[in-house]
Amino acid sequence: MVTEQLIALGSFCGHQGLDVSFVLALQERGLIELVIVQEERFIRPDHIVRVEQLARMHYDLEINLEGLEAISHLLERMEHLQARVDDLQRRLQQFGEIDDGP
């Protein structure tokens, strides 16, 4: 992975007003992934929205890390189920419109 596509953790946290220790705690709990290049930590661009979302829940709503883990798990599960529903709807459309009943 090219480091130009990555965002330095210190710069990101400084810009967002986040504690580096908070982001490291998210990584330790498996809620985000950090990339380490030459002993420096970086955030992948596709993880920025997730970090911001978790930070808002933590700081604005005062949800602790355990709560963030639970919420994150439920959100992932919802996204998976929604993708499955979308897939099933596409399959049903192949057979035509389904009547909701009499």
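The values are calculated or read from the model by the stated rules, or taken from the named source; none is laboratory data. Treat the numbers as computed from the prediction; the structure is a model and nothing was measured. Positions of Cβ are backbone-derived with ideal geometry, glycine not excepted, and every protein chain shown enters the neighbour counts. Accessible surface areas use protein heavy atoms only, side chains included; no ligands, DNA or RNA. Shrake-Rupley method; radii C 1.70, N 1.55, O 1.52, S 1.80 Å.
Some observations on this one:
- Residues that are over 17 Å from Glu28 (Cα atoms) and among the charged types (D, E, K, R) within region 53-88 comprise Arg56, Asp60, Glu62, Glu76, Arg77, Glu79, Arg84, Asp86, Asp87, listed in sequence order.
- Selected residue (criterion: modelled with the lowest pLDDT) from residues of region 43-53 that are touching a helix residue (DSSP H, G or I) at 6+ places or on another chain (Cβ under 9 Å) and within 26 Å of Asn64 (Cβ to Cβ): Arg44
- Test result for Ile71, without any contact (Cβ under 8 Å) to a residue 12 or more places away in the chain, surrounded by 13 or more Cβ atoms within 10 Å (Cβ to Cβ), of a type in the set (A, V, I, L, M, F, W, C) and over 14 Å from Leu9 (Cβ atoms): no
- In region 53-68, the residues that are in a helix (DSSP H, G or I) reach residues that are surrounded by 11 or more Cβ atoms within 10 Å (Cβ to Cβ) and β-branched (Val, Ile, Thr) with C-beta atoms within less than 6 angstrom, at least six apart or across chains, in these pairs: Met57/Ile63.
- Matching residues in region 23-49 - criterion: being open to solvent by 60 Å² or more (accessible area, probe 1.4 Å), in a helix (DSSP H, G or I) and within 14 Å of Phe12 (Cα to Cα): Pro45, Asp46, Val49
- Among (1) surrounded by 10 or more Cβ atoms within 10 Å (Cβ to Cβ); (2) modelled with pLDDT of 95 or more, the one test that Thr3 misses: (2)
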